[in-house]
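Below is one structure; the comments refer to it alone.
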Amino acid sequence: MTQDTLPTVAIVVLTWNQRDLTLDCLASLAKMAYPADLVQIVVDNGSSDGTAAAVHERFPDVTVLENGDNLGFAEGNNVGIRYALARGADYVMLLNNDTVVDAAMIGDLIAAAESSHEVGIVTPTIYYYDRPDYIWCAGAEIDWQTAGSRRLRAEVIDDGRDKEPNEVGFASGCAICMKRQVIEKIGLLDPRFFIYYEETDWCFRASDAGWRTLYVPHAKLWHKVSAAMGTTSPATDYYMNRNVVLFVAKHRRGFARLALLGRVMGCNLLAALAYTVKPHHGLRLPNRNARLLAFRDAVLGRWGKMGPAVASVCYPSR
């Protein structure tokens with residue numbers, strides 16, 4: 001492909017009260033070696049730390065969309081995706097704001113995506129920022145016995161064994177690049193998830209429509225993991241245990257759906273029971289209560305952003 005025929009790419013960076021992380025991410029994007037149009041879009045989910053103003057000042061060519069409220073990962077990114085598609089982007093990439101990218105990443109991803117009309121989604125090698133040779137994620141897959149996700153080749157030093165792009169179950173929402181025609185066919189991220197499982201659902205919808213997801217080893221970025229939400233926080237427990245029910249309901253049918261839902265919800269209740277028996281001096285009680293509320297809301301079909309009563313459990317100090 002020549003410069004004139006290269007696809008246009010829009011990179012959507014969602015942020016919420018993480019000004020410095022976002023500025024570091026944009027600084028790395030400014031060094032991107034992609035000769036065609038590369039549109040950078042920051043979607044601010046109602047930050048109160050001056051993120052939007054700082055981006056305007058430091059990176060005047062970056063488009064900033066201000067939501068005024070925390071719409072979550074799914075709908076927050078949808079704001080950016082709509083903007084990108086309306087301006088003719090051939091590809092839309094969702095990129096975590098707590099990342100630093102290699103200058104060749106976009107070019108490597110697009111080359112792999114353009115290799116076949118069957119490829120709809122591409123994702124890079126994601127390394128730990130503070131351990132730059134260790135892989136955090138090289139694509140991911142779902143364990144259909146538990147509906148849990150597993151990051152591929154995680155926690156190992158990259159030994160260079162992966163030379164060519166290979167198909168994976170889904171791409172992490174940390175860095176996922178999708179063709180325009182795929183989005184036009186399957187739609188945007190499902191806002192009912194709010195956060196967690198939305199990118200998994202997106203990739204599986206693309207797969208059901210006939211497109212493949214490729215992990216591209218030589219495309220690289222570094223992830224400042226856990227800069228946003230703690231992996232064992234009550235909020236994480238709530239959204240993960242609620243949303244997995246929605247994910248299973250959307251992607252399994254008949255007896256397989258019922259059996260998996262039974263296992264998923266049973267494991268959640270057993271964990272809540274364990275937190276009751278061994279509350280760790282009360283420290284795990286908010287996690288227990290969050291899991292129970294996740295069970296309740298999944299049964300009642302309450303999706304989207306957690307309600308005030310749930311928030312008072314997940315964020316008791318607020």
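Could you identify the single residue in 167, 184 that is in contact (Cβ under 8 Å) with a residue 40 or more places away in the chain, under 23 Å from residue 118 (Cβ atoms) and in contact with a strand residue (DSSP E or B) (Cβ under 9 Å, 6 or more places away or on another chain)?
Being in contact (Cβ under 8 Å) with a residue 40 or more places away in the chain, under 23 Å from residue 118 (Cβ atoms) and in contact with a strand residue (DSSP E or B) (Cβ under 9 Å, 6 or more places away or on another chain) holds for just one of 167, 184, which is 167.
Of the residues 250, 278, 305, only one is open to solvent by 30 Å² or more (accessible area, probe 1.4 Å) and under 26 Å from residue 138 (Cα atoms); which?
250
Please verify whether segment 260-273 includes one or more residues that are out of contact with any Ser or Thr (no Cβ under 9 Å at 6 or more places or on another chain), farther than 18 Å from residue 236 by Cβ and not in a helix (DSSP H, G or I).
No, segment 260-273 has no match at all.
Could you go through segment 82-93 and let me know if any residue there is at pLDDT below 95 and over 26 Å from residue 132 (Cα atoms).
Residues of segment 82-93 at pLDDT below 95: none.
Scanning segment 82-93, I find no residue that is at pLDDT below 95 and over 26 Å from residue 132 (Cα atoms), so the answer is no.
Consider residue 245 against the criteria (1) of a type in the set (Val, Ile, Thr); (2) open to solvent by 70 Å² or more (accessible area, probe 1.4 Å); (3) within 22 Å of the chain's Cα centre (by Cα): it satisfies all of them except one. Which criterion is unmet?
(2)
Surrounded by 11 or more Cβ atoms within 10 Å (Cβ to Cβ), part of a helix (DSSP H, G or I) and not aliphatic (A, V, I, L, M): does that describe residue 288?
yes
Suppose we keep only residues that are in a helix (DSSP H, G or I) and farther than 23 Å from residue 305 by Cβ within segment 33-57. Which one would you say is least open to solvent (accessible area, probe 1.4 Å)?
Among them, the one singled out is 55.
Being part of a strand (DSSP E or B) and either open to solvent by 40 Å² or more (accessible area, probe 1.4 Å) or in contact with a His (Cβ under 9 Å, 6 or more places away or on another chain) (or both) is the filter here, so list the residues in segment 58-71 that pass it. Working first, answer last.
As a first pass, look at segment 58-71 and keep what is part of a strand (DSSP E or B): 63-66.
Matches in segment 58-71: 64, 66.
Would you check which residues across segment 80-109 are more than 19 Å from the chain's Cα centre (by Cα) and buried (at least 23 other Cβ atoms within 10 Å of the Cβ) and list them?
89
Which numbered condition in (1) surrounded by 20 or more Cβ atoms within 10 Å (Cβ to Cβ); (2) more than 13 Å from the chain's Cα centre (by Cα); (3) at positive phi is the only one that residue 221 fails?
So the condition that residue 221 fails would be (3).
Here is a check on your reading of the model: is residue 275 farther than 22 Å from residue 96 by Cα and aromatic (Phe, Trp, Tyr)? Can you show your working first?
On the way: farther than 22 Å from residue 96 by Cα: yes; aromatic (Phe, Trp, Tyr): yes.
Considered against the rule, which asks whether it is farther than 22 Å from residue 96 by Cα and aromatic (Phe, Trp, Tyr), residue 275 comes out as yes.
Confirm whether residue 254 is over 28 Å from residue 31 (Cβ atoms) and more than 14 Å from the chain's Cα centre (by Cα). Don't jump to the end; show me each part of the working.
Values: over 28 Å from residue 31 (Cβ atoms): yes; more than 14 Å from the chain's Cα centre (by Cα): yes.
Judged against the criteria, residue 254 is a match.
Restricting to segment 23-32, name every residue that is assigned to a loop (DSSP other than H, G, I, E, B), among the aliphatic types (A, V, I, L, M) and surrounded by fewer than 17 Cβ atoms within 10 Å (Cβ to Cβ).
Narrowing segment 23-32 to residues assigned to a loop (DSSP other than H, G, I, E, B): 30-32.
Retained after the next criterion (residues that are among the aliphatic types (A, V, I, L, M)): 30, 32.
Selection gives 30 alone.
Here are the criteria: (1) touching a Ser or Thr at 6+ places or on another chain (Cβ under 9 Å); (2) more than 18 Å from residue 100 (Cα to Cα); (3) in contact (Cβ under 8 Å) with a residue 60 or more places away in the chain; (4) surrounded by 17 or more Cβ atoms within 10 Å (Cβ to Cβ). Tell me which single one residue 18 does not satisfy.
(2)
From the residues in segment 72-99 that are touching a His at 6+ places or on another chain (Cβ under 9 Å) and not hydroxyl-bearing (Ser, Thr, Tyr), which one is farthest from residue 117 (Cα to Cα)?
If we filter segment 72-99 for residues that are touching a His at 6+ places or on another chain (Cβ under 9 Å), which is where we start, we get 96, 98-99.
Within this subset, residues satisfying the condition of being not hydroxyl-bearing (Ser, Thr, Tyr) are 96, 98.
Values: 96: 26, 98: 31 Å.
Across segment 72-99, the extreme among qualifying residues is 98.
The values are calculated or read from the model by the stated rules, or taken from the named source; none is laboratory data. Fair warning: this is a prediction, and the values are worked out from it, not measured in the lab. A quick note on method: Cβ atoms are made from the backbone with ideal geometry, for glycine too, and the neighbour counts reach across all protein chains shown. Keep in mind that these areas ignore ligands, DNA and RNA; they rest on the heavy atoms of the full protein, side chains included. Shrake-Rupley method; radii C 1.70, N 1.55, O 1.52, S 1.80 Å.
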